[in-house]
Amino acid sequence: MGNASSFWATFFLLVLVASVARGDPLVPALIIFGDSVVDVGNNNNLTTLIKANFLPYGRDYVTHRPTGRFCNGKLATDFTAEYLGFTTYPPAYLSPDASDRNILTGANFASAASGLYEGTAQSYSAISLTRQLSYYRDYQMKVVNMAGQARANDIFSGAIHLLSAGSSDFIQNYYINPVLRGLYSVDRFSDLLMSSYSSFIQLLRSTELFSNKEVLRQNLYGLGARRIGVTSLPPTGCLPAAITLFGAGSNQCVERLNQDAILFNYKLNSTSQGLVQKLPGLKLVVFDIYQPLLDMIRKPSDNGFFESRRACCGTGTLETSVLCNDRSVGTCSNATEYVFWDGFHPSEAANQVLAGDLLQQGFDLIS
């Protein structure tokens, strides 16, 4: 059975490559929501400390300039856009690039330090998922004005909508917030995040909570999205900054944090299956990035890497955002040897590997 599925996966991949080679993107648009793993510059336009609009961020990007991506180069979603046949990347919605016909093939609403929990974004003056959805509605109106309602509907229903969220909720909020930890166990906090995730996809109809029907349509499914991909949590206990902050002096992955991520991912898969069963015509794929990233961390040489414990930027133990700057001492010269670029985020080389895994897992979204 494994050989058969592998054969068809390879066959389908060849079909996709042939289609892209003809110059046809496999889907009409790529829409992105979430956090710093997929932010391409929205936070540049916010009053927040969580930014990446300075070197050495972007040093290995095609322009060799910082863009707001929390990486030395391309994100996994950039590679995904290329694999899908797009010649440009979805622009940050708050940037000048998100204008006119540039947005017909998609837009990026992600904001570093955002999360499924509303309070996470508020703590860092980031764009909450609720606000990201509001921007998406604005975007839809612009597309309708440019393309007409019929074509716009085809774009929205055919587009792939990607969501990356949850890591900031734990690493940048729950684990360092004694109030939250006092109120919720990890299990209960994960349930709270699942409730937010469900509402993001489809708000449940309730006359008690929502008397305004317009509010009821503030969700992806209600706005016409039918192809949705959501990423799992990574092995959060193996992020260099997490080892430094929560590892009690050890140089090993913090298993307690990894177990929390596994629990969250189990709930994410279960919740997603429930949504698919309930919502007609919905294609929803949970992308597992936990195992592919864990494989790179545990067996770096098998994946073409030299270093998986320390990040490239600075000491490689903690630096991210403002702490990772062009005066950081010790920054590596060749980031392709490193799984992590900074204390929280994968390098471009690791992102390319992850994007390949995402493509294989996401066949249902493009078939």
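The values are calculated or read from the model by the stated rules, or taken from the named source; none is laboratory data. It should be emphasised that the depicted structure is a prediction, and the values quoted were computed from it without experimental measurement. All Cβ positions, glycine included, derive from the backbone under ideal geometry; neighbour counts span all protein chains shown.
Here are the numbers for the structure shown:
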item	result
Checklist (1) part of a helix (DSSP H, G or I); (2) without any contact (Cβ under 8 Å) to a residue 12 or more places away in the chain; (3) more than 30 Å from ARG227 (Cα to Cα) applied to SER333, failing item	(1)
Of all residues making up the stretch 237-289, the number that are touching a strand residue (DSSP E or B) at 6+ places or on another chain (Cβ under 9 Å), under 23 Å from SER198 (Cα atoms) and assigned to a loop (DSSP other than H, G, I, E, B)	3
Cβ pairs under 8 Å, 6+ apart, first in the stretch 17-30 and within 25 Å of ALA225 (Cβ to Cβ), second surrounded by 11 or more Cβ atoms within 10 Å (Cβ to Cβ) and at pLDDT below 60	LEU26/SER19; LEU26/VAL20
VAL329, sole failed condition from (1) buried (at least 23 other Cβ atoms within 10 Å of the Cβ); (2) out of contact with any Pro (no Cβ under 9 Å at 6 or more places or on another chain)	(1)
Residue check, GLY224 surrounded by 14 or more Cβ atoms within 10 Å (Cβ to Cβ), on the phi < 0 side of the Ramachandran plot and either modelled with pLDDT of 95 or more or not in a loop (DSSP other than H, G, I, E, B) (or both)	no
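Quick grid of which residues meet (1) surrounded by 16 or more Cβ atoms within 10 Å (Cβ to Cβ); (2) farther than 30 Å from CYS253 by Cβ:
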site: ALA110; (1), (2): yes, no
site: LEU116; (1), (2): yes, no
site: ILE127; (1), (2): yes, yes
site: LYS142; (1), (2): yes, yes
site: SER157; (1), (2): no, yes
site: VAL186; (1), (2): yes, no
